[in-house]
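Enquirer: I have a structure here, written as structure tokens, and I will follow up with some questions on it.
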Amino acid sequence: MRFLMIVLFVTVLGFAATDGCTEIGAINNSHNQTTATITLTLLNDWPQTCNVFGLDIYEEGSDFYVLGVDNNSSIIRFYNPATGAPTATSIPLSSGNDGCFGVAWNDGPDSGTYYTNDWTDDVLYFTENQGGDWTTISNPADNYARGMDFDGTYYWCTDNEPNGIWRFQPGGSQVHFSTPSVTAQPSGLTVFPYNGNLAIAISCYHLATIEFYQWDGSVLTYLGPASYPAALDRDSVYGLGYAATNGHLYMSYKDYYGGGLHHLVELEFDITSLQRTSWGSIKSSF
């Protein structure tokens, strides 16, 4: 028995050292009562030759990129959202951020601030000069944070013990919300405007759906699940990002039959019971 416990412990550590996933055992893919029907349509699936964790979207004027963490190369890569190809632009990570997973850009009017988390560390890292200098600050989710996003005022990130999400100001106020339909370890998170409120989409490493919630400024309610397109050869899902420029979701995953390659994916989605609003109006209200 002692040998079995040691083997399981080493196995979990091995998984965490590879992609931050620590869950073992069966996944319960059950859902609470839904308030929307949500569908995903695959537009593009681009295999990559590097790690693509976390995801966020950089949109500033005419500049539009998908951000993905490549912790093997210790950089945040900028991807072309139309071709999935990595561009020549990247930001170096902090030397201490070896287990980097999530990234969030705060839409700053000047250079902007980039936040990252770490599955081996209980702090957030941030830079205000494109990675020239990094500073750390407390992380409300400790080392359980994976996916991150910024709604114009507050940051959001996943949690894992118990499952849920955090809404916070770095170094300031923080609120934890339960997400009972997220029944596996979360990996990606993105926010976007819907129906005059803020929608939050959450992916998990090994769940067959993306889970959607809605925040009206005071209450978090469950919208429903969206199943991944069958054509995706998913082993583990690693990130989500919403692009206001085209209204699409971007997702990253590791394939099963392709040798463990990471992929960047573009998805169209539809929530039939809600009406989409402008990103500008939602940001002005939060």
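Enquirer: Do we have Gly259 as at pLDDT below 95, closer than 25 Å to Thr18 by Cβ and exposed (fewer than 15 other Cβ atoms within 10 Å of the Cβ) here? Before you say what the answer is, go through the steps one by one.
Expert: On the way: at pLDDT below 95: yes; closer than 25 Å to Thr18 by Cβ: yes; exposed (fewer than 15 other Cβ atoms within 10 Å of the Cβ): yes.
For Gly259, the condition - at pLDDT below 95, closer than 25 Å to Thr18 by Cβ and exposed (fewer than 15 other Cβ atoms within 10 Å of the Cβ) - is met.
Enquirer: Still on this model: Sort through Gly188, Gly224, Gly217 and tell me the only one that's under 21 Å from Ala36 (Cβ atoms), surrounded by fewer than 16 Cβ atoms within 10 Å (Cβ to Cβ) and touching a residue at least 40 places away in the same chain (Cβ under 8 Å). Talk me through it step by step, then tell me what you get.
Expert: Values: Gly188 fails: surrounded by fewer than 16 Cβ atoms within 10 Å (Cβ to Cβ); Gly224 fails: surrounded by fewer than 16 Cβ atoms within 10 Å (Cβ to Cβ).
Within the list Gly188, Gly224, Gly217, the selection yields Gly217.
Enquirer: Another question, then. Please work out which residue is surrounded by the most Cβ atoms within 10 Å (Cβ to Cβ), limiting yourself to region 195-214 and to residues that are of a type in the set (Val, Ile, Thr) and either more than 15 Å from Thr37 (Cβ to Cβ) or without any contact (Cβ under 8 Å) to a residue 40 or more places away in the chain (or both).
Expert: We begin by selecting, within region 195-214, every residue of a type in the set (Val, Ile, Thr); these are 200, 202, 209-210.
Then drop every residue that is not either more than 15 Å from Thr37 (Cβ to Cβ) or without any contact (Cβ under 8 Å) to a residue 40 or more places away in the chain (or both), which leaves 200, 202.
Details: Ile200: 28, Ile202: 26.
Looking at residues that are of a type in the set (Val, Ile, Thr) and either more than 15 Å from Thr37 (Cβ to Cβ) or without any contact (Cβ under 8 Å) to a residue 40 or more places away in the chain (or both), I get Ile200.
Enquirer: I'm trying to understand the selection: among the residues of region 178-203, which are among the hydrophobic types (A, V, I, L, M, F, W, C) and either at pLDDT below 95 or farther than 26 Å from Val52 by Cβ (or both)?
Expert: Pass one, region 178-203, residues among the hydrophobic types (A, V, I, L, M, F, W, C): 182, 184, 189, 191-192, 198-202.
Listed by number, the residues that qualify are Val182, Ala184.
Enquirer: Kindly list the number of the only condition in (1) at pLDDT below 95; (2) farther than 27 Å from Tyr154 by Cβ; (3) touching a helix residue (DSSP H, G or I) at 6+ places or on another chain (Cβ under 9 Å) that fails for Asn51.
Expert: It is condition (1) that Asn51 fails.
Enquirer: Here's a follow-up. If I ask for residues that are surrounded by fewer than 20 Cβ atoms within 10 Å (Cβ to Cβ) and either on the phi > 0 side of the Ramachandran plot or of a type outside the set (D, E, K, R) (or both), which ones from region 45-65 would you list?
Expert: If we filter region 45-65 for residues that are surrounded by fewer than 20 Cβ atoms within 10 Å (Cβ to Cβ), which is where we start, we get 45-50, 59-64.
Those that are surrounded by fewer than 20 Cβ atoms within 10 Å (Cβ to Cβ) and either on the phi > 0 side of the Ramachandran plot or of a type outside the set (D, E, K, R) (or both): Trp46, Pro47, Gln48, Thr49, Cys50, Gly61, Ser62, Phe64.
The values are calculated or read from the model by the stated rules, or taken from the named source; none is laboratory data. Predicted, not measured: the structure shown is a model, and the values here were computed from it. Using ideal geometry, Cβ is built from the backbone for each residue, glycine included, and neighbour counts are taken over all protein chains shown.
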